[in-house]
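Enquirer: Can you keep this structure in mind? I'll have questions shortly.
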Amino acid sequence: MIVVVSQTLGNTIGSLIAYAIGAYGGRPFLERYGKYMLIRRHEIEIAERFFAKYGPQTAFFSRLLPIVRTFISFPAGVARMPIVPFVVYSTAGALLWSTILVFAGVQLGQNWGAVRTALQPFDLVIAILVVIGLAVILWIRLGRPFSGRARRPDARE
């Protein structure tokens, strides 16, 4: 039980730090340098509307998604999601995630080596799928270069 509590507490503290960075410096930073990270100004406004409408659900469910869980607090801060619901739902999601991880660790216990061996053939497939997915996202974000389709001159930046 102490592992679950400490994991949840650590996650919540880390989330609050990322939220604060987003809330107090994130928007000006993104407005100035976001184009280098393929983030357009109007997308910041979309994120603000999204968090205004779905903030609590996003804070909760994002804590259950690997990778996403690490980064969601920063955009929540940039969008200035109300802090109390953010902490409540984010902590609830972190608690569930921590409980699942601890339960899985206890259940796997001494069999971890066998599980790792059984899953090893999928490592390369997963890595290839991740690289392909990132390449497709980058291709779309850059306006589909090399496809013969020119960007519209009125496209938002």
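Enquirer: State yes or no: is Gln57 closer than 21 Å to Ile100 by Cα and within 15 Å of the chain's Cα centre (by Cα)?
Expert: yes
Enquirer: Now for a separate question. Can we say Val88 is modelled with pLDDT of 90 or more and open to solvent by 90 Å² or more (accessible area, probe 1.4 Å)?
Expert: No; evaluated as a whole, the condition is false for this residue.
Enquirer: Related question: In region 53-82, what count of residues is obtained for those that are closer than 20 Å to Pro28 by Cβ and part of a helix (DSSP H, G or I)?
Expert: Residues meeting the conditions: 7.
Enquirer: Quick check: is even one residue across region 108-119 over 20 Å from the mean Cα position of the chain (by Cα), on the phi > 0 side of the Ramachandran plot and either loosely packed, with under 12 Cβ neighbours inside 10 Å or not in a helix (DSSP H, G or I) (or both)?
Expert: Scanning region 108-119 turns up at least one residue that is over 20 Å from the mean Cα position of the chain (by Cα), on the phi > 0 side of the Ramachandran plot and either loosely packed, with under 12 Cβ neighbours inside 10 Å or not in a helix (DSSP H, G or I) (or both).
Enquirer: Continuing with this model, one more query. With respect to Ala104, is the statement that it is small (Gly, Ala, Ser), modelled with pLDDT under 90, surrounded by fewer than 16 Cβ atoms within 10 Å (Cβ to Cβ) and closer than 25 Å to Thr8 by Cα true?
Expert: Taking the combined requirement at face value, the residue satisfies it.
Enquirer: Just checking, how many residues over region 18-55 are open to solvent by 80 Å² or more (accessible area, probe 1.4 Å), farther than 26 Å from Trp139 by Cβ and modelled with pLDDT under 80?
Expert: Final tally of qualifying residues: 1.
Enquirer: Would you pick out the residues in region 1-60 that are farther than 30 Å from Gly105 by Cα and aliphatic (A, V, I, L, M)?
Expert: Passing the criteria: Ala20, Ile21, Ala23, Leu30, Met37, Leu38, Ile39, Ile44, Ile46, Ala47, Ala52.
The values are calculated or read from the model by the stated rules, or taken from the named source; none is laboratory data. Just so it is clear, the structure is predicted and the values come from calculations on it, not from any experiment. Here Cβ is always computed from backbone atoms with ideal geometry, including for glycine, and neighbour counts include all displayed protein chains. Side chains included, ligands, DNA and RNA excluded: accessible areas come from the protein's heavy atoms. Shrake-Rupley method; radii C 1.70, N 1.55, O 1.52, S 1.80 Å.
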